[in-house]
Amino acid sequence: MCALAHKLEERGFSTVAIASVRVQAEKTRPPRALWTSTMLGRPVGEPGDAPFQLRIVRAALALLQRTDGPVILEDFRDDPPGWPDNPNWVAPTTTPSDTFANELTALLPRWRAAQAQFGRTSVGLSFQTPAAWPAFAKSILAGALPTIPPLDTTALAVRFLCDDIKALYGEAAQATGPAPSARQVDTWFWRQTAAGELLQALRRTAMASENNALKTVGGRFFVPTPWVV
């Protein structure tokens, strides 16, 4: 995005980037950038926290008024309110020793409750219903290379399956009670669920595959680097 900002500026369009990795912004030097301490993938803060998100957006847009460039790097100093752990949050009861299919079935009511509460879901990228996920994942672990229309490659099919699994579990974790921090959800998912273990196994299978596309997406997208085991 920083490189794109330079190209747009060359054509007369003013830009401002919201940067999650400050060192990257320092190296690529976009014309204007606001660094935030939010987690990767959430540049303006936690989902549902509209007031905090608006503060970041306004701070970023305010940089467009600055004339002391050409390179402006500013820090948004406040951490998101949802960043600290919530001691009152209770994680869904799961255990890595359970099967993914059983665990998923047990979590489905919570996920549906989350949909009713928030009126939306980000699940659906894989073009499969949750009921089909266990069998599809099992086939990948067995060495098969299935595809799901309209996803015409196994690499895309498995990547979006992993995205859907993470999304469903994340939404289920926030269905009832006090809201957890992103770190709490990640710790629960990657260290206390069969789904987390499944994605680790899918990553290992992909990395060992002779299918180069599957190997590439497995190394980059299935498991975030801090949680790889």
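Please treat every number below as a calculation from the coordinates, not as lab data. This is a predicted model, so every value here is computed, not measured. Neighbour counts are summed over all protein chains in view; Cβ atoms, including those assigned to glycine, are modelled from backbone coordinates with ideal geometry.
Have a look at T105, T176, T154, T193 and point out the one that is touching a Pro at 6+ places or on another chain (Cβ under 7 Å) and more than 23 Å from L40 (Cα to Cα). Only one candidate passes the filter, namely T154. A count restricted to segment 143-192 and to residues that are among the hydroxyl-bearing types (S, T, Y), part of a loop (DSSP other than H, G, I, E, B) and more than 21 Å from Q117 (Cβ to Cβ) stands at 2. Note on segment 193-210: residues that are closer than 20 Å to L125 by Cβ and in a loop (DSSP other than H, G, I, E, B) total 1. Report yes if some residue within segment 81-100 is surrounded by fewer than 16 Cβ atoms within 10 Å (Cβ to Cβ), in contact with a His (Cβ under 9 Å, 6 or more places away or on another chain) and more than 21 Å from A182 (Cβ to Cβ); otherwise report no. So far as segment 81-100 goes, no, none of its residues is surrounded by fewer than 16 Cβ atoms within 10 Å (Cβ to Cβ), in contact with a His (Cβ under 9 Å, 6 or more places away or on another chain) and more than 21 Å from A182 (Cβ to Cβ). Of all residues in segment 183-207, exactly one satisfies the criterion of being touching a Lys or Arg at 6+ places or on another chain (Cβ under 7 Å) and small (G, A, S), namely A206. Of all residues in segment 134-163, those satisfying the criterion of being surrounded by fewer than 21 Cβ atoms within 10 Å (Cβ to Cβ) and touching a helix residue (DSSP H, G or I) at 6+ places or on another chain (Cβ under 7 Å) are P134, F136, L141, L145, P146, T147, I148, L151, T153.
Annotation: of all residues in segment 191-214 being farther than 16 Å from P146 by Cβ and of a type in the set (S, T, N, Q), the one that is surrounded by the most Cβ atoms within 10 Å (Cβ to Cβ) is T193. The lone criterion from (1) out of contact with any helix residue (DSSP H, G or I) (no Cβ under 9 Å at 6 or more places or on another chain); (2) acidic (D, E); (3) within 30 Å of P178 (Cβ to Cβ); (4) touching a residue at least 40 places away in the same chain (Cβ under 8 Å) left unmet by D49 is number (4).
Residue-wise test of (1) assigned to a helix (DSSP H, G or I); (2) more than 30 Å from S209 (Cα to Cα); (3) under 21 Å from the mean Cα position of the chain (by Cα); (4) among the aromatic types (F, W, Y).
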residue: P81; (1), (2), (3), (4): no, yes, yes, no
residue: T105; (1), (2), (3), (4): yes, no, no, no
residue: A114; (1), (2), (3), (4): yes, yes, yes, no
residue: A132; (1), (2), (3), (4): yes, no, no, no
